[in-house]
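Written out below as C-alpha cells is the structure these notes cover.
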Amino acid sequence: MVEASAWTLHDTPDHRLWQADLALVHRGHILALHRRSQLSFGKAEASQACRGAPPPRLLAQWPSSDLKTALLPLVRIRAIRAVLACTVERHTAILRDDLDKTVARVEAWLVQPDPASCRLWVTVEDLRGYERERVAAAVALVGRGWYEAEDDPFALFATEILDIGQPVESGFPDGHKPAGQALRACLRQALQSLPDLEKGVVDDIDTEFLHQYRVILRRARSLVAQFRSVFPSKRAERIRAILGGWARCSNSQRDLDVWLLARSEHEALVPEQLRPGMEGLFRAIARDRAAVQRELAARLVSSAHRSEREELLALLDLQDDGPDAALPLTELARRRTWKTFRRAANQASLVNAATSSDAVHDVRIRCKKLRYMLDACGRFTAPDDHQKLRNQLKAVQAVLGEFNDACLQCRALLSRAESHRGDPATLLVLGALVGALDRNRASLHDQLLLGLGDLASPGTWSTYRSLFRTKD
Amino acid sequence: MKIIALLSAKGGVGKTTTAVNLAALCARAGKATLLIDLDPQGASGHLLRIRPAEGLKAKRFWSGKADIDELIRASDVEGLDVLPAADSLRRAEAVLEDLDHPRRRLVGIVGDLTGWERVVFDCPPGLGLLSENVLRAADLVLVPVAPSPLALRTLAPLAALAGKDAVKLRPFVSMARGDKAVVAELRASWPNTLVAAIPVAEVVEESAVARSSVALHAPRARVAQAYRRLHAEVEVILAGQDAA
C-alpha cells in the first residue's frame, strides 16, 4: 500500500521550534504543530486549516487559532517561513509465515526533497512473540542499504538536511577550563549565531532579529571587556572595537524600531484631540527607519563586514594569550563579578533626587555589565543564590531602563522638532509626548531610588561578598 | 483487568468460536486483550493462525513457573495477543491433583499478568479441577448452551461445581436453530441467561476455514451481529461489576 503527500516544514529563522523538539508541518490542507518524535504518526499539539497559500510570514498576522496561541510563547523571532519542502511516500508491507500469519509489518518511507534525490527509511514494527522474525527482516533490509529508523523518519530526514544544531547557550558551560580557552569558545559560539540573525536583519523580516543581534553583540563585547586580561591588550581592544562598531551601526535602526513598536503606547500618552498629529510623526519615523535599514543591510552584506568577521575569527584563533589566560575561569569570573558589583553598588548609592539623567545612565550601563557577568557565570554559583541575585538586578534594571528610555526619548523627540517646523499638528504631538514622557520619568524616581538602595544595601553587599570575593 | 471465561461441560457448543470472536471484539473496541487457550486441541490459536506453544509444559504452567510472557504472540487483530495452547496441557487434571491449592492455581498465574484490560479463557469441555480453577479466576463465566435438552442438563452440575462462584455464571444460547421451547425453558430455569443468542450459521464454518473470526471475516452476517450484541452485553455486566 502506498500513501504519498507533500509536506512542508515551517520554522522561525532561528529554528526555535525544531530546537524545542517541535515541528510545524503543512500537509494537505492542515498546518499542524507536532512533537518531533511523533511527526508522522502522533496527534498534533495544535492545528489549523490552511488551504492553498502558505501561512502569513509574521505570526502576528495569523488569524486567531489554537495553533497561533500555542506558537506565540514558543517563538522569539515571530517570523515563520518554510524551511523544507518534500514529497513523502509511505509504503507498507506485511511479512507472513507459512500459516499466512503476520510475523512482521514493514513500513518504508521515501522522502524526496526533489526528483533527483531521496532518502529511504524502513521501520519494522515489533510484534509480540515475533522478535526473531523482526530482527531477520530488519537485518535483510538494512543489508540492502536501507536505513532502519529508530526515530520518526521525516524528523530524521529534516535533521540531516537542515543541519540544525542545539540552541546556542549563553554563558560559560565549564568553570574549570582556563579562562582564555573558555572565553574564546564562548565568543566563537556567539559569533556562530550572528549570520542567521544578520540575514533576518537584511531581509527585514522581524525587528526581533536586530534586537537579538544587538543583545549578543553587547554580551560578547562586555565579556571581552571583563576578561580582557586573558588576551594581549591590543587584541582585546581590537575585538571590542569590531563588536562595538557592529553594535553602533545598528543603534539608529533599533531606536526607530522601538518607536514604531510602541506606537499604540505613545498614542495613549497624547490627548485624543492631538492624535491625528501622530500620523505625521510616525510617517517620518517610518521613513527614517526605512533609510537606516537600507544602510544597515548594505553594511551587513558588504565585503568590509565580511572581512571584519574573518578578522574577528582569526583573532580568536591566535594562541598567544594575555596574563590571566591560564587562570581557572571560575576564579577570574568571581574576581570580575565582585569588582563589577562594587562599582555598580557604589554608583547606585550616590544616586539621589538631584542626580543627572546622564549619571543614571552610567549606573544603567554598570548594572548591564553586572547582569552579563551573572548570566555568563550563573553555573558557577548555587542556583538559588544566582536566581535571587539575578531577580533583584533584573528588577532594578527594569526601572532604570524605563527611566533612561524616557529621558532618551524626550531628547530624540526634541531633536525632531526642527524637521517638523512647518507642521503644527506634529509639533503639538511632540510637545505632548515630551511632557508625558518627562512626567513618566519623574514618577519613576522614587521607585528608582528604592531599587538602587536595595542594590547598594549591606545585605546585598554581604551576599555578593560571600559568593564572589576571592582571597587576593 | 477483567477475566472472561468460556466454559461448558459439553464439547462442540461454540466455546472456541465465541472466545475468539469475543476477544477480537474486545480488542477492536480498544481494550488490550489476551486470549488464553487452555484447551489442548489449540483451536483458538489455530483460528488465529498461531502455532501451538511447543515449549509450554503443563507442570510448569500450572505450578506458575512457566515464562508466559515468552510464549504470548501478537495476533493479526490489532490489540489482541494470544497465549496458544500446547499438547502437554492434556495432563492438566493430573498435574493439578499433585499441586498444593489445586483449585486456585490459575488465580496466581493470571495475577502476574499486566498490560491487558481483558483476558479471555477458552476452556476444554469438562467439569474437573481445570474448570474449578477457571471459576475461581474469572470475573465472568459465559456458558454456551446449545438448545437441546441434553445441553440444558449440564448447567446444574456446573453451578454445583462453582459453589459461591455460581453468581459469575451467565449462560447464553449458542448454535440456535429456532428451538423456541428449549430456549424458553433455559430462560425460565436460568433467569440470568444473556439476551444475545448466537445462531448456527454456515459462515462460522467458512470463517474457521479462512482461519478468522466471524466478526471480522463477515461483519455483516447475522451471526457477527449476534456476537457484537453478546460483546456489548458482556461489557455492560463488567461495567456493573466495577460500579458495584
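Restriction of the GluC sites (Glu not before Pro) in the range A:108-154 to DSSP coil positions whose beta-carbon has at most 15 other beta-carbons within 10 angstrom yields A:150. How about the range B:73-116: which GluC sites (Glu not before Pro) there lie in a loop by DSSP and see at most 14 other Cβ atoms within 10 Å? Loop-located and lightly packed - B:78.
Rg and Dmax, both from the Cα atoms of the range B:106-244 and both in Å, are 15.8, 44. Between rounded, prolate and oblate, where does the protein assembly as shown land on the alpha carbon gyration tensor, with a ≥ b ≥ c its root eigenvalues, rounded for a/c under 1.5, else prolate if a/b exceeds b/c? In terms of gyration-tensor shape, prolate.
Against chain A, whose longest principal axis is taken from its Cα atoms, helix A:233-248 shows a tilt of about 80°. Counting Cα-Cα pairs of the range A:229-296 in 10 Å increments starting at 0 gives whole-percent bin shares of 18, 33, 21, 16, 9, 3, 0. Taking other residues whose beta carbon is less than 14 angstrom from the beta carbon of residue B:22, and scoring Lys, Arg as +1 and Asp, Glu as -1, yields +2. Counting only DSSP beta bridges whose two residues both lie in the protein assembly as shown, roughly 65 percent are antiparallel.
Can you give the % of DSSP beta bridges in the range B:2-243 that are antiparallel, to the nearest 5? If we restrict to bridges inside the range B:2-243, about 10 percent are antiparallel.
Shape of the range B:183-244 from its Cα gyration tensor (a ≥ b ≥ c, root eigenvalues): rounded if a/c is under 1.5, otherwise prolate when a/b > b/c, or oblate? In terms of gyration-tensor shape, oblate.
For chain A, the dipole from Cβ point charges (+1 on Lys and Arg, -1 on Asp and Glu) about the Cα centre works out to 1820 debye, to the nearest 20.
This model, with +1 at the C-beta of Lys and Arg and -1 at the C-beta of Asp and Glu, gives the range B:116-210 a dipole about its Cα centre of some 400 debye. With loop membership from DSSP and a limit of 10 other Cβ atoms within 10 Å, the longest segment of chain A without trypsin sites (Lys or Arg not before Pro) is A:145-420.
For chain A, lysine pairs with C-alpha atoms less than 15 angstrom apart, excluding pairs fewer than eight positions apart on the same chain, total 5.
Taking 0.36 nm per residue of separation and subtracting the Cα-Cα distance, full extension of the segment from residue A:91 to residue A:315 would add 75.4 nm. For residue B:176, the residues 5 or more places off, or on other chains, whose built amide H falls under 5 Å of its own are B:198, B:200.
The residue among A:8, A:70, A:103 whose Cα reaches farthest toward the positive pole of the charge dipole of the range A:1-103, with charges on the beta-carbon of Lys, Arg, Asp and Glu, is A:70. Let me know the shape class of the range B:2-243, please: from the alpha-carbon gyration tensor, a ≥ b ≥ c as square roots of the eigenvalues, rounded when a/c is under 1.5, otherwise prolate if a/b is greater than b/c, or oblate. Oblate. A Förster radius of 22 Å, combined with the Cβ-Cβ distance separating residue A:66 from residue A:5, puts the computed FRET efficiency at roughly 0.45. For the options B:216, B:38, B:186, a Gaussian network treatment of chain B with springs between C-alpha atoms closer than 10 Å singles out B:216 as fluctuating the most.
Rounded to the nearest 20, the size of the Cβ-charge dipole of the range A:1-91 about its Cα centre is 200 debye, with Lys and Arg at +1 and Asp and Glu at -1. Qualifying trypsin sites (Lys or Arg not before Pro) in the range B:107-168, where qualification requires a DSSP coil assignment and no more than 16 other C-beta atoms within 10 Å, comprise B:153.
In this simple spin-label approximation, residue A:140 and residue A:287 carry label points 7 Å from Cα along the Cα→Cβ vector, and these lie 7.6 nm apart. Secondary-structure-derived ellipticity at 222 nm for chain B, considering helices only, amounts to -12000 deg cm²/dmol, per-run term -39500 (n - 2.57) for DSSP H runs with n ≥ 4.
A cut-off under 13 angstrom between Cβ atoms defines the neighbours of residue A:91, and their net charge, with Lys, Arg +1 and Asp, Glu -1, is -1. Rounded to 0.05, the FRET efficiency of the residue A:161 and residue A:384 pair, given R0 = 51 Å and the Cβ-Cβ distance, is 0.75. Hydrodynamic estimate: the Kirkwood radius of the range A:273-354 over Cα pairs, inserted into Stokes-Einstein at 25 °C and 0.890 mPa s, corresponds to D of 131 µm²/s. Ordered from longest to shortest, the equivalent ellipsoid semi-axes for the range A:135-293 are 43, 29, 13 Å, each the square root of 5 times a Cα gyration tensor eigenvalue.
Neighbours of residue A:440 by Cβ distance under 10 Å: Lys/Arg scored +1, Asp/Glu scored -1, total -1.
When the Cα atoms of the range A:319-368 are aligned to their principal axes, the ranges along those axes come out at 48, 18, 14 Å in descending order.
Every number here is computed from the coordinates shown, using simple stated rules; none is lab data. No experiment lies behind these values; they were computed from the predicted model shown. Cβ sites come from the backbone with ideal geometry, for glycine too, and all protein chains shown count toward neighbours.
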